[in-house]
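Take a look at the structure below.
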Amino acid sequence: MDSTQDKIPALVKDLADRNEDVRWAAAYALAHIGTPAVDSLTRALGDRDSVVRLRAAWALGRIGDPRPTDPLIALLRDGDWAVRMRAAEALGNLRAHKATDALILALRDEKTDVRRHVIAALTRIADPASADRLGDLLKDADWRVRMGAALALSAIGTEKSLDLLKAATCDENEYVQKIALAVMNKREEGCEPVKK
């Protein structure tokens, strides 16, 4: 009977299978195997096939081991938008503070799905050290970038981040404004704890 370790190479190979169901089944199985699959999945991040890279990034995000953080950060500049999206998702799942600067740059990605995953990642990471940079993004021309910054500042939840978020209460975009107003209203009602 094969050990779990022996199954990893075949599963990594299956990430490139023609059948999408086989590809996702392999990604799920590798994520379920967990830490023993991290090295093989990290190598797969450099595969020339974008399908392999995105499935590997997805599985690594589910495993939660921080070792592949640097290769995942590099994938935020991948030529395939789906790979960039899965890399952002994985970095958020890892709560990789080290990725904050690269994720802030990725808020300008041309693809909406990538930006949406970047916003989710920054919100999960909630790095207080990024508050000033996120505050600057509240002045960005793209409302989606401003919305991402507002969500991340809200998640950070420090006195400083919430003070920066006040500027968004008068944003020209209703979504950005609603996020900021909801957080400020909760804060005034004493419902929003301020993190130190």
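The values are calculated or read from the model by the stated rules, or taken from the named source; none is laboratory data. The structure displayed is predicted, hence computed values, not measured ones. For neighbour counting, all protein chains shown are included, and Cβ atoms are generated from backbone atoms with ideal geometry for every residue, glycine included.
Here are the numbers for the structure shown:
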quantity: Selected residue (criterion: surrounded by the most Cβ atoms within 10 Å (Cβ to Cβ)) from residues of segment 1-24 that are in contact (Cβ under 8 Å) with a residue 24 or more places away in the chain and part of a loop (DSSP other than H, G, I, E, B); calculated: LEU15
quantity: Segment 170-186 - residue that is modelled with pLDDT of 90 or more and crowded, with 20+ Cβ neighbours inside 10 Å and, of those, nearest to MET147 (Cα to Cα); calculated: VAL176
quantity: Test: residue in segment 49-61 that is surrounded by fewer than 19 Cβ atoms within 10 Å (Cβ to Cβ), of a type outside the set (Phe, Trp, Tyr), in contact with a Pro (Cβ under 9 Å, 6 or more places away or on another chain) and assigned to a helix (DSSP H, G or I); calculated: no
quantity: Exclusive hit being touching a residue at least 12 places away in the same chain (Cβ under 8 Å) and closer than 24 Å to PRO66 by Cα, set LEU165, LEU153; calculated: LEU153
quantity: Single unsatisfied condition, LYS139 versus (1) of a type outside the set (Gly, Ala, Ser); (2) in contact with a Lys or Arg (Cβ under 9 Å, 6 or more places away or on another chain); (3) surrounded by fewer than 20 Cβ atoms within 10 Å (Cβ to Cβ); (4) in the same structural domain as ARG95 (by TED's automatic domain parsing); calculated: (4)
